[in-house]
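Read the figures in this text as sums done on the coordinates, not as results from a lab. These numbers come from a predicted model, not from an experiment. Don't worry about glycine lacking a Cβ; one is built from the backbone with ideal geometry, like all the others, and counts go over all protein chains shown.
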Amino acid sequence: MGKYIVNLNEVPMGKITGRETRDLINAKTVGSKGISLRITAVLPGALCTPGHIHTECEEVIFILSGQGEIKIGQETFPMKIGDAILLPTGVPHLIRNTGKEVMRMACSFSSNDISRDLKSEEGMKF
């Protein structure tokens with residue numbers, strides 16, 4: 001890994017219920033001060049549990065492949081290739097892959113360490 005450029009294949013894969021993640025840009029990988037980037041692969045038919053809230057940052061999701069649904073607060077929206085989704089600070093959200101292929105997403109956060117402001121919403125359902 002370099003000071004400014006990180007290759008997807010150079011970072012370890014994390015596994016969270018229903019998905020695989022790779023954290024490309026954050027405080028640990030490149031020393032970013034206020035932003036991070038994660039690539040997430042949601043498995044076919046998977047529900048990404050638990051729903052959660054980012055208490056101190058916003059998130060933007062861009063759908064690279066596949067299709068799914070996202071629940072933002074009390075509303076549910078379809079997601080498809082090319083969609084960009086804004087998740088405001090403090091708003092609960094939950095994602096599921098409704099397709100037969102992996103749904104890939106680029107997820108950017110206005111924080112360099114998203115683990116510190118993550119709050120679980122265990123009871124959230126579609």
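Structure notes:
- Here the simple spin-label model places points 7 Å from the Cα toward Cβ, and for F62 and D117 these points are separated by 2.1 nm.
- Using the Cβ of L43 as centre and a radius below 14 Å, the other residues enclosed give a net charge of +3, where K and R count +1 and D and E count -1.
- Straight-distance crosslink candidates among aspartates and glutamates, where the alpha carbon sits under 19 Å from K3 and sequence neighbours closer than 8 are dropped: D23, D113
- For the stretch 6-57, Kirkwood radius (reciprocal of mean inverse C-alpha pair distance, Å): 12.3 Å
- Only helices enter this figure: runs of n ≥ 4 DSSP H residues, each worth -39500 (n - 2.57), summed and divided by the residues of the chain, yield -500 deg cm²/dmol at 222 nm to the nearest 500.
- Exceeding the 20 Å Cα-Cα cut-off - candidates K15/K80; K33/K71; K71/K119: K15/K80; K33/K71
- log₁₀ of I(q)/I(0) at q = 0.11, 0.14 Å⁻¹ - the chain, Debye sum with one point per alpha carbon: -0.35, -0.57
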